[in-house]
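Participant: The structure's right below; bear with me while I get my questions together.
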Amino acid sequence: MKLKTVQSISNLTELPELIQFLSGFQQDVVTTLNGNLSLVDNTNGTLISVTFSAASTTVQVSHLLKRTPTGYIVAGRSANIQVFDGNQSNTTQFLYVQSSGAGIAKLYIF
């Protein structure tokens with residue numbers, strides 16, 4: 001579920017209307033945050049599959065964030081591999097990573 005902003009409270013003229021509006025808004029927030037918040041929909045990140053052909057080989061990953069990534073989370077792996085930072089600095093276009101062996105890793109880049 002994607003978080004949505006409040007449409008408008010400018011048309012509310014009475015205190016009971018404001019209380020009712022805020023109560024509904026509070027319930028929407030609670031419902032969304034209690035198990036319905038989507039990491040992909042509600043954060044500035046991207047989920048990408050990365051293929052590693054061999055151990056300790058730097059792979060260049062296009063991330064489309066239009067900024068230098070802060071980091072990444074390994075969200076899945078096809079083999080018993082560890083993913084770690086590559087030997088180049090990340091850029092506004094690319095993330096550089098390596099792995100301990102061949103396989104595919106799903107990375108959430110943020």
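The values are calculated or read from the model by the stated rules, or taken from the named source; none is laboratory data. Just so you know, these numbers come straight off a predicted model, no measurement behind them. Positions of Cβ are generated from backbone atoms using ideal geometry, with glycine treated the same way; all protein chains shown enter the neighbour counts.
Participant: Looking only at the range 21-56, how many residues end up being exposed (fewer than 14 other Cβ atoms within 10 Å of the Cβ), closer than 24 Å to Val97 by Cβ and of a type in the set (Val, Ile, Thr)?
Facilitator: Qualifying residue count, the range 21-56: 3.
Participant: Across the range 6-20, what is the number of residues that are of a type in the set (D, E, K, R) and either within 10 Å of the chain's Cα centre (by Cα) or surrounded by 12 or more Cβ atoms within 10 Å (Cβ to Cβ) (or both)? Spell out how you get there, then give the answer.
Facilitator: Our first condition is that a residue be of a type in the set (D, E, K, R); within the range 6-20, this holds for 14, 17.
Checking the rest, the ones that are also either within 10 Å of the chain's Cα centre (by Cα) or surrounded by 12 or more Cβ atoms within 10 Å (Cβ to Cβ) (or both) come to 17.
Residues flagged as of a type in the set (D, E, K, R) and either within 10 Å of the chain's Cα centre (by Cα) or surrounded by 12 or more Cβ atoms within 10 Å (Cβ to Cβ) (or both) within the range 6-20 amount to 1.
Participant: Of (1) without any contact (Cβ under 8 Å) to a residue 40 or more places away in the chain; (2) assigned by TED's automatic domain parsing to the domain that holds Ala105, Thr32 satisfies all except one. Which?
Facilitator: That leaves (2) as the condition not met.
Participant: Pairs only if they're at least six apart or on different chains, beta carbon under 6 angstrom, first in the range 1-18 and of a type outside the set (A, V, I, L, M, F, W, C), second at pLDDT 65 or above; list them, first residue then second.
Facilitator: Within 6 Å, the pairs are Lys2/Asp41.
Participant: Next question. When residues of the range 46-90 are filtered for being under 9 Å from Ala105 (Cα atoms) and either among the small types (Gly, Ala, Ser) or outside the structural domain of Ala105 (by TED's automatic domain parsing) (or both), how many remain?
Facilitator: Going through the range 46-90 one residue at a time, the tally reaches 5.
Participant: Can you pull out the residues in the range 35-60 that are in contact (Cβ under 8 Å) with a residue 60 or more places away in the chain and in a loop (DSSP other than H, G, I, E, B)? Explain how you work it out, then say what you get.
Facilitator: Just the residues of the range 35-60 that are in contact (Cβ under 8 Å) with a residue 60 or more places away in the chain, to begin with: 39-40, 43-48.
Of everything in the range 35-60, those that are in contact (Cβ under 8 Å) with a residue 60 or more places away in the chain and in a loop (DSSP other than H, G, I, E, B) turn out to be Thr43, Asn44, Gly45.
Participant: For the range 61-110, give me each residue that is polar (S, T, N, Q), surrounded by 14 or more Cβ atoms within 10 Å (Cβ to Cβ) and part of a strand (DSSP E or B).
Facilitator: Gln98, Ser99
Participant: Still on this model: Pairs, please: C-beta under 8 Å, at least 6 apart or cross-chain, first residue hydroxyl-bearing (Ser, Thr, Tyr) and in the range 75-91, second part of a loop (DSSP other than H, G, I, E, B)?
Facilitator: Final answer for the pair search is Thr91/Thr68.
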